[in-house]
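Take a look at the structure set out below.
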Amino acid sequence: RALPVVALAVAVQGGAAGETEADAGLGALAHQALLRGAGPHAAAEYSRLVEDEGASLSPMVDRDFGGLFLTALADRLDPALDLLAEAILEPRFDPAEIEQERRLALQELAAIHDNPLQTAMLRLRARLYGDHPYGRALQGTDASLAAITPDQVVARHRSTWSAGRLQFTASGDLDPDR
């Protein structure tokens, strides 16, 4: 509590877990697109609102979980939590923003394939895990990313972000009773 800052992670099971070769990357794409506008706010406005609160909000994606990570000033936590709730409960999933996230994922895949060490690690994963989500890049493949639709992103979010699946972790300048 020495610094007036709060860090909060909200996670759900289901990063790449359950993906097939055909929809590989869906979990990562859905989590990345989560912050591309929420509630009545388009992407740029939403980002500006988060920054105006002195907060930072970023997606987390892993093979077994995904989520959001919030850091905020303790005395401005409530407005930051409202924006976090909007992202979880009312994501916009604008098709143009999903397309932008798809382009970024394809660029990340290209960077992996340009890096000999990362390429070797990906091939080792494929050898060890075969056609299991652990055996693929979190971003998916060029083919799977091309096939993912905005409707699939929305459906993935709805199936993943439900009350019984949420896990919260908080630290920093918090009143435990509050």
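The values are calculated or read from the model by the stated rules, or taken from the named source; none is laboratory data. What you see is a predicted model, and the numbers here were worked out from it, not measured in a lab. We place every Cβ from the backbone using ideal geometry, glycine too, and count neighbours over all the protein chains shown. To get the accessible areas, we keep the full protein, side chains included, count just its heavy atoms, and leave off ligands, DNA and RNA. Shrake-Rupley method; radii C 1.70, N 1.55, O 1.52, S 1.80 Å.
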Note to self: Restricted to Cα positions, what overall size does the chain have along the principal axes? Three whole-Å values, descending.
What the structure shows: 49, 33, 32
Next item on the list: May I ask you to evaluate 6.51 cos²θ - 1.76 cosθ + 1.60, the Karplus curve with θ = phi - 60°, for each residue of segment 167-178 and list the ³J(HN,Hα) values in order in whole Hz, giving x for glycine and proline?
Entry: 10, 10, 9, 9, 8, x, 7, 10, 8, x, 6, 6
Checklist line | Rounded to whole Hz, the Karplus (6.51, -1.76, 1.60) HN-Hα couplings of segment 86-102, x for glycine and proline | finding: 4, 4, 6, 8, 9, x, 7, 6, 4, x, 5, 6, 4, 4, 4, 5, 4
Check: What angle, in degrees between 0 and 90 and rounded to the nearest 10, separates the Cα long axis of helix 43-52 from the longest principal axis of the Cα atoms of the chain?
Finding: 40 degrees
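May I ask you to give the solvent-accessible area per residue for segment 1-87, in square angstrom, as obtained with a 1.4 angstrom probe?
Working: 3640 Å² over 87 residues.
Here the per-residue accessible area is 42 Å².
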Check: Hey, if we sort 71, 169, 160 by accessible area with the 1.4 Å probe, largest down, what's the order?
Finding: 169, 71, 160
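When a/c is below 1.5 the answer is rounded, else prolate if a/b is larger than b/c, else oblate, so apply that to segment 21-88 with a ≥ b ≥ c taken from the square roots of the Cα gyration tensor eigenvalues.
Numbers: a/c = 3.00, a/b = 1.81, b/c = 1.66.
Verdict is prolate for segment 21-88.
Of all accessible surface on the chain at a 1.4 Å probe, what whole percent is carbon and sulfur?
About 54 percent, which is the carbon plus sulfur part of the accessible surface.
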Notebook entry, point to check: Using the C-alpha gyration tensor of segment 53-130, what are the square roots of 5 times its eigenvalues, in whole angstrom, with the largest one first?
Noted result: 33, 16, 12
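Would you mind counting up the charge near residue 121? Only other residues with Cβ under 15 Å from its Cβ, with Lys and Arg at +1 and Asp and Glu at -1.
Details: positive: 63, 123, 125, 127, 136; negative: 108, 114.
Value of the local net charge: +3.
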